[in-house]
Amino acid sequence: MSAWLTAENAGYATGGRWLVERADLALHGGTLTVVIGPNGAGKSTLLRLMSGELTPQRGRVTSLGEPLPQVPAWHMAARRVVMAQSGRLGFPFRVHEVVALGILAVGRRLPRIERDDLVEASLRSADMLALADRDFQTLSGGEQQRVHFARALCQLEAARRIETRQVLMLDEPIASLDLEHQFALMDAARALTRRPDSPVAVLAILHDLNLAACYADHLVVLKSGRIAAQGPVSEILDEALLADVFGVRLDIARHYGLPVILPQARLLPVNPA
Amino acid sequence: MRKACEPAPSGSGRGGVVAFLGTARHRRAMLWATLGGALLAGLFLLSLFKGAVALPAGSLLKTLGGLLGDGSLPDTREALILANIRLPRTLLAMLVGAALAVSGAMLQGLFRNPLADPGLIGVSAGAALAAGITIVFGEKLLAPAFGRMPFAMLPLGAFVGGLGSTLILYGIATRAGRTSIATMMLAGVALGALSGALSGFLAYLSDDRQLRDLTFWALGSFSGASWTKLAAVAPAMIAILVAAPFLARGLDALALGEAEAYHLGLPVQRVKAAAILIAAVAVGASVAVAGMIGFVGLVVPHVLRLLLGASHRLLLPFSALGGAVLLLGADIVARLVVAPAELPIGILTAAIGAPFFLWLLLRRQARPFE
């Protein structure tokens, strides 16, 4: 099966420094791809390249075979949905209004009843229905993150009528969430990839290595703008590799058959020079 | 998958929370539209009645009826005042108020900040400077050819000035898709001061009549309203008032940020360009016929957000209504407080608007600038 979204030798530089130097990454339907790496490794830049927000200065990114800059914005909105890291609003929008923005480009022609139902179902999936009429600006960081997840679900669902080969991109989606909602969000993302009809391709940036190990079908390790390793979790979860990338000594244990990553002491020096 | 315990809201016909909220908002909007419409109609009549010359209500209504009926106009002093002074002035105040409030709402959406106002961020000053340049130099250059400068030059000049200052401001305040509010306000103040200084310099180059015109521009007034002025700006203003609501969804999406708006499928550059153009046309046309009138674009959208929420689908049309109400009301007050003389309306809106702006700043201290 050919990939839905592909980066080939893609690179992006600013201020004379390559944030992503060269990246080869293919996103397939039904696969949950997790990107891990230390701060400044280029994770968000990679996601922004794949989403079409940034245009690579080297190599290319293609969606269903088409190079990204040539795909119109509204059509990209049907093929890939992004939940970005920050999502502050300048105005006192209600929660349900923010979620309804997901329908903006792709669902305009839907009757109002269907649009309302879409928004409602998305709010319920993100456990935000009870706060549907709250001013978004007054929510906590975690609640805001859940609203944005609901918005992403809403766009995904509305766009499914146009394009069934969809990619969902999540940039640190659980950074502010409590434990219960961390699992709920990741479960929901995984369920999308396991959907029998038109399974979604998910690309998620995570900091929690245990969650990454728990949910990833395909694990990508980014270091200094380069993909240090990628593959199935079992191949990538290597103590030496992770110690080298994160500069922290790790033990990988097994608990009920699942890998558990236990950070030990700081490894000094990181790179003996 | 609807929960059984959710109460079915009465009247909506369906059980959904979101559908219920939508219906409630629609009802609220209808209520405010009715109230606002009634208020505007009342002010419209009041504006025809009240002024330096008292017009008896009976003859006024008869004249108005004749004018609307068969277009006839009795040859009396009252009828002339009504038809040639009060009516164009009333219509102009409503149009300018609507245009300024809509442009304020658009600029705020564009800059993603509720503190943007064409007066505060130097757009009006830029338009006034360009209008001043047109007055002082335009006449020298064009008078030999046309006898007198064609009036249409003024709105055109003011529009170019408004567009220029908006573009400069946006260029300065926006880096890599992020608009810095602090930079925008400071650059706006600097641009406004520069435009003011250049306008002041123009005063030295102008003759007496031009100087009076320039002063009129700086303070803002509807005292020079005429059918000619109305005809010069009404088409553009009505066009932008009709066009503005089409940008509502785009401005809603831009509230999330430019990258997010692109992710949602918005052609960001096109929407931004359209919003800048509309705001510049509105401010330029307003400044050309009424001078600089500040704070309308700040106060009206802000109050409306409190009443109706932030969604631009309601905000833009209601801004037009609210702006018309506010400026027509202010013009009536300006005509009455020192009658038979009148106050420049810009003084009045600043006297209301500046304290309101300060109150906004104080209220926002809990949630400081980004």
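Throughout, read-outs are computed from the coordinates displayed, never taken from laboratory work. Since we're looking at a predicted model, the values are computed, not measured. No Cβ is skipped: glycine too gets one built from the backbone with ideal geometry, and neighbour counts run over all protein chains shown.
Structure data summary
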{"quantity": "14 Å beta-carbon shell around B:ALA203, net charge (K/R +1, D/E -1)", "calculated": "-1"}
{"quantity": "Residues B:TYR262, B:TYR204, B:TYR170, sorted so that the one with the fewest Cβ neighbours within 10 Å comes first", "calculated": "B:TYR204, B:TYR170, B:TYR262"}
{"quantity": "Angle in degrees between helix A:179-193 and the longest Cα principal axis of chain A, rounded to the nearest 10", "calculated": "80"}
{"quantity": "Fraction of alpha-carbon pairs over 38 Å apart in chain B - percent", "calculated": "22"}
{"quantity": "Loop-located chymotrypsin sites (Phe, Trp or Tyr not before Pro) in region A:184-273, at most 11 other Cβ atoms within 10 Å (DSSP)", "calculated": "A:TYR256"}
{"quantity": "Equivalent ellipsoid dimensions for region B:39-125 as semi-axes, Å, which come from the Cα gyration tensor, largest first", "calculated": "37, 12, 11"}
{"quantity": "Isotropically averaged projected area of region A:100-235, using the convex hull of Cα atoms (one quarter of hull area), nm²", "calculated": "9.6"}
{"quantity": "Lysines whose Cα lies under 24 Å from that of B:LYS50, excluding same-chain neighbours fewer than 8 positions away", "calculated": "B:LYS62, B:LYS229"}
{"quantity": "More than 39 angstrom apart: percent of Cα pairs within the protein assembly as shown", "calculated": "43"}
{"quantity": "Inter-label distance for A:ARG226 and A:ALA243, nm, one decimal - labels placed 7 Å from Cα along Cα-to-Cβ", "calculated": "2.1"}
{"quantity": "Per-pair calculated FRET efficiency, R0 = 35 Å: A:ARG22 and A:ALA191 via Cβ, rounded to 0.05", "calculated": "0.60"}
{"quantity": "Amide proton proximity set for A:ARG58, modelled H, under 5 Å, gap of 5+", "calculated": "A:GLY11"}
{"quantity": "B:VAL287, B:VAL268 arranged by Cβ crowding within 10 Å, fewest neighbours leading", "calculated": "B:VAL268, B:VAL287"}
{"quantity": "Two-site FRET efficiency, B:ALA41 against B:LEU360, from Cβ-Cβ distance with R₀ of 25 Å, rounded to 0.05", "calculated": "0.25"}
{"quantity": "Equivalent ellipsoid dimensions for region A:1-152 as semi-axes, Å, which come from the Cα gyration tensor, largest first", "calculated": "31, 19, 14"}
{"quantity": "Against the rule of thumb 2.2 N^0.38 Å, how large the Cα Rg of region B:209-306 comes out", "calculated": "1.33"}
{"quantity": "Fewest-first sequence of B:LYS272, B:LYS62 by Cβ atoms within 10 Å of each Cβ", "calculated": "B:LYS62, B:LYS272"}
{"quantity": "Cα-based Rg and Dmax for chain A, where Dmax is the largest Cα-Cα distance (Å)", "calculated": "18.9, 64"}
{"quantity": "Calculated from backbone phi, Karplus (6.51, -1.76, 1.60) coupling profile of region B:310-322 in Hz, x at Gly/Pro", "calculated": "8, 4, 5, 5, 8, 4, 5, x, 5, 4, 4, 5, x"}
